[in-house]
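I have placed the structure first, in the form of structure tokens, so that the comments after it can refer back to it.
Values in this text are rule-based calculations from the coordinates and carry no lab data. Being a predicted model, the structure only gives us computed values, none of them experimental. Here the Cβ is made from the backbone with ideal geometry for all residues, glycine too, and neighbour counts use every protein chain on show.
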């Protein structure tokens, strides 16, 4: 792993559309200085594997208060007995609710700010990287 990237493996609890209870499985959380505004998360519950990309700031804000509008929402678990963050992902099959323990998530975010401190992301480089990725994906 480069000093310009971070990869963490978390066990998460997920309530999937159509399921009766939470399912525990592993997820891979990654961050790179080449895409300083984004966190990439791969959820791998078998045949329903999916990757989501969302804002590092959204994730950090969601540690303390409800954040986000649209497909990704992040908030502290309202149950005071649960030290976790709830992430709601609105996909094509409906919303999935992901529970992530706050401790590992905080360590992951800390590592991302070691790589690129919040507020000093290079907008121009991020836009250039996005344009290249978009053009090469076509």
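List of remarks:
- Centre separation in Å (Cα based) which lies between the range 23-81 and the range 83-102: 8 Å
- Rounded tilt (10° steps) of 123-137 against the dominant C-alpha axis of the chain: 70 degrees
- Candidates 72, 98, 23, ranked by Gaussian network fluctuation over the chain, Cα under 10 Å, top entry: 23
- Global size of the range 1-78: 13.5, 41 Å for Rg and Dmax (C-alpha atoms, Rg to one decimal, Dmax whole).
- The chain - Debye-derived log10 I(q)/I(0), Cα point model, q = 0.12 Å⁻¹: -0.49
- Estimated 222 nm signal from helices in the chain, with DSSP H stretches of n ≥ 4 weighted -39500 (n - 2.57), rounded to 500: -8000 deg cm²/dmol
- Helix axis angle, 102-115 relative to the chain longest principal axis, alpha carbon, degrees: 0 degrees
- Neighbour counting of Cβ atoms within 10 Å sorts the residues 69, 40, fewest neighbours leading, into 69, 40.
- Between residue 88 and residue 26, the modelled label-to-label distance comes to 3.0 nm, taking each label 7 Å out from Cα in the direction of the beta carbon.
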